[in-house]
Amino acid sequence: MALTAHQVKIVRDTIPALTEHGELIASTFYGNMLRAHPELNDYFNTVNMANGRQPRALIAIILSFANNITHITELIPKMERMCQKHCSLGILPEHYDIVGKYLIAAFGEILGPAMTPAVQIAWNKAYWVLAKMLIGREAQLYHDWQHWQGWRRFRVQQKVEEAEDVYSYYLVPEDGKLLPSFMPGQYVSVRVMVPEIGYWQNRQYSLSEQPKQEYYRITIKRDRGAQSVRQPSYLWSSFGTHPGIVSNMIIDQKNVGDIIELTHPAGEFFLDTYNTANAPLVLLSAGVGVTPMVSILNSVIEKQPSRPISWIQGSRDSVPFYLHVRKIARDRPTMKVNIFKTQLADSDLAGITYDHDAKIDLAKVHREDLWLDNSATEYFVCGPEQFMMEMARRLREFGVHSDRIKLELFSTGDTEFQVDALSIASGRSLGAPRSGVASGAASTNSGSD
C-alpha cells in the first residue's frame, strides 16, 4: 500500500492546515471515538487526556510521520518507544482500525471541502503505512514475550518506605511461576480500577531492582500536590484528571497480601546487559527518576563488579536509596557518588545524606567523576523533563556525543511535541515529538503520575 509520489505531495500539502488546527482535530477525534467505543477509555491516561498532552502528541506523531514518510529513519526511535508502550498496554491490531477510521474522519471535518476523495485516499494510505509498521514490530514483541500475554496478577509480598512518600512494592506472581528477565531500566504497566470514573487507569512504573525470577520491585512516589485540571468535553468525570491519582491510590490502598496487576516488562530505556563492555557508567537522576537507576546499579554490581560507576542523584528533601548507594560505594573504589539536596534537615550529614546543598549542577561535579575523558562512557538520565533537557545540554557542552546519552522521557507531553530526546542530546531541533501513542495509551513514568 505504498503511496505514489503524487499522493505523498497531497498529504504534505495538507499538513500545514492540519497542524494549525491540531487541538481541534484531537478533540474531534477523541470525542467521536470514545463516544462510539467507550471501552477504549481503559487504555487512556485521563490526566494526560485532560491537560491536552496526549491529544497533542498523537496528532504530532501522525503529522511528523506523514511529513517524513519518504525518509523515516529518524522516526524509528520514536516508533520503537510507541511499540513498547503499546505492547505494555495490550494494544492489538484491531485497535488500529478504530483509530484510523475516526482519525481520518476528524481530518475530513477540519479540512472540509479540501478533503477530496483523492486526499482521503492518500491520507488513508499514509496512516496504514505507519500502522502496519507498528503492528509488525508489536507482533515481534508479543512473540518474544511468549507465554505472558496481557495482565498478570501479583501479590504484594512487602511494602517498604524508602523515603518520605516513597514506597517500594515487592511483587510475587500469584500463579507461582518464575518470572522472565528484563533489561535494567525497563518498566511494567500497572492498572487500577477507578470506581469514580468507571474504567481502568494504567500507569508505567520503572522496575527498581535487578532482574529476579521470584519477584519484581516497583517504587512509587506519592503526589501531595495533585490538583485537578479542567477536563475536555470528551471526558465525563473530573475525578480521574488529578495528577498522581493512580500512584496515590496504590500507596493508600495496596498493602501486603493485596493483588496488583502487571504486564510484561517493556521499554527502550535500558542498560544492555548482553554487552559486556567495561566502559564507565554515569547514572544521573532527580526525584523518583532514581528508580530505574537502582535497577541498573544493582545489575552492574552483580554482573560487572569492577565496572566504574558515577552516581549523581538530586532530591528536594528525603533521598531514596541513599544508604544502599553509600554501602555499595564504600566497598567499591571504582564508584563515585554525588548527592545533591535542596532542603536540608537538622539531621542531614554532609558526605552521608548529601554531598552538595544545591540542585544538580554538573559544574560542581569533578570532571573525573563524570568520566569525560573516556570516549566510551555511557550516560543514563532520568527525572523531570526539564531536568533531563538541562542535563543533556550540559553533557553536549562537555563534548559528550549524543549516542552516549540515554534519556528516559517517561511522559507524553509538550516537551516531546516540540523537541525530541535524540534531537536535544545531539544539539539538533527537529520539531518532532518524542512520544505519542497512536492509539492513545497512558504515559510512562518512573514512579509517579
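Can you pull out every residue in the range 251-286 that is under 20 Å from Asp165 (Cα atoms) and out of contact with any helix residue (DSSP H, G or I) (no Cβ under 8 Å at 6 or more places or on another chain)?
Ile251, Asp252, Gln253, Lys254, Asn255, Val256, Asp258
Can you find even one residue in the range 135-143 that is assigned to a helix (DSSP H, G or I), out of contact with any strand residue (DSSP E or B) (no Cβ under 6 Å at 6 or more places or on another chain) and either of a type in the set (Val, Ile, Thr) or under 30 Å from His21 (Cα atoms) (or both)?
Checking the range 135-143: at least one residue is assigned to a helix (DSSP H, G or I), out of contact with any strand residue (DSSP E or B) (no Cβ under 6 Å at 6 or more places or on another chain) and either of a type in the set (Val, Ile, Thr) or under 30 Å from His21 (Cα atoms) (or both).
Which one is modelled with the lowest pLDDT among residues in the range 378-393 that are surrounded by 17 or more Cβ atoms within 10 Å (Cβ to Cβ) and in a helix (DSSP H, G or I)?
Glu385
Only one of Met183, Met193 is assigned by TED's automatic domain parsing to the domain that holds Asn248 and either modelled with pLDDT under 95 or charged (D, E, K, R) (or both). Can you tell me which?
So the residue among Met183, Met193 that is assigned by TED's automatic domain parsing to the domain that holds Asn248 and either modelled with pLDDT under 95 or charged (D, E, K, R) (or both) is Met193.
Being of a type outside the set (Lys, Arg), touching an Asp or Glu at 6+ places or on another chain (Cβ under 8 Å) and within 23 Å of Lys125 (Cα to Cα) is the requirement here; does Ala26 meet it?
When the stated conditions are applied, Ala26 does not pass them.
With respect to Ile59, determine if the residue is of a type outside the set (Asp, Glu), surrounded by fewer than 16 Cβ atoms within 10 Å (Cβ to Cβ), more than 25 Å from Ser247 (Cα to Cα) and touching a helix residue (DSSP H, G or I) at 6+ places or on another chain (Cβ under 8 Å).
Answer is no for this residue.
If a residue must be closer than 26 Å to Met389 by Cβ, outside any helix (DSSP H, G or I), of a type outside the set (Ser, Thr, Tyr) and within 23 Å of the chain's Cα centre (by Cα), how many such residues does the range 255-313 contain?
15
Would you confirm, using the coordinates I've provided, whether Ile104 is aliphatic (A, V, I, L, M) and either without any contact (Cβ under 8 Å) to a residue 60 or more places away in the chain or part of a helix (DSSP H, G or I) (or both)?
yes
Just to be sure I understand, how many residues within the range 150-188 are over 26 Å from Leu284 (Cα atoms), touching a residue at least 40 places away in the same chain (Cβ under 8 Å) and outside any strand (DSSP E or B)?
4
Can you tell which of Ala2, Ala66 is surrounded by fewer than 21 Cβ atoms within 10 Å (Cβ to Cβ) and among the small types (Gly, Ala, Ser)?
Result: Ala2 is the single residue among Ala2, Ala66 that is surrounded by fewer than 21 Cβ atoms within 10 Å (Cβ to Cβ) and among the small types (Gly, Ala, Ser).
Scanning for something within 21 Å of Tyr43 (Cα to Cα), of a type outside the set (Gly, Ala, Ser) and assigned to a helix (DSSP H, G or I), does the range 107-121 turn up at least one residue?
So far as the range 107-121 goes, no, none of its residues is within 21 Å of Tyr43 (Cα to Cα), of a type outside the set (Gly, Ala, Ser) and assigned to a helix (DSSP H, G or I).
Take Gly399 and tell me if it is among the small types (Gly, Ala, Ser), at pLDDT 90 or above and farther than 30 Å from His264 by Cα.
Taking the combined requirement at face value, the residue satisfies it.
Go over the candidates Leu40, Leu63, Leu89 one by one and state the one that is in the same structural domain as Ala122 (by TED's automatic domain parsing), within 15 Å of Val129 (Cα to Cα) and either at pLDDT 95 or above or within 24 Å of the chain's Cα centre (by Cα) (or both).
Among Leu40, Leu63, Leu89, only Leu63 is in the same structural domain as Ala122 (by TED's automatic domain parsing), within 15 Å of Val129 (Cα to Cα) and either at pLDDT 95 or above or within 24 Å of the chain's Cα centre (by Cα) (or both).
So which residues in the range 365-413 are in contact with a Phe, Trp or Tyr (Cβ under 9 Å, 6 or more places away or on another chain) and free of Cβ contacts under 8 Å to residues at least 12 places away in the same chain?
Correct list: Arg367 only.
Identify all residues within the range 289-326 that are surrounded by 19 or more Cβ atoms within 10 Å (Cβ to Cβ) and either closer than 18 Å to Leu344 by Cα or not assigned by TED's automatic domain parsing to the domain that holds His356 (or both); write none if there are none.
Within the range 289-326, Ile312, Gln313, Gly314, Ser315, Val319, Pro320, Phe321, Tyr322 qualify.
Looking at Ala50, Ala60, Ala2, Ala66, which one is aliphatic (A, V, I, L, M) and touching a Pro at 6+ places or on another chain (Cβ under 6 Å)?
Only one candidate qualifies: Ala60.
The values are calculated or read from the model by the stated rules, or taken from the named source; none is laboratory data. Just so you know, these numbers come straight off a predicted model, no measurement behind them. Reconstructed Cβ throughout: ideal geometry from the backbone, glycine too, with neighbour counts over all protein chains shown.
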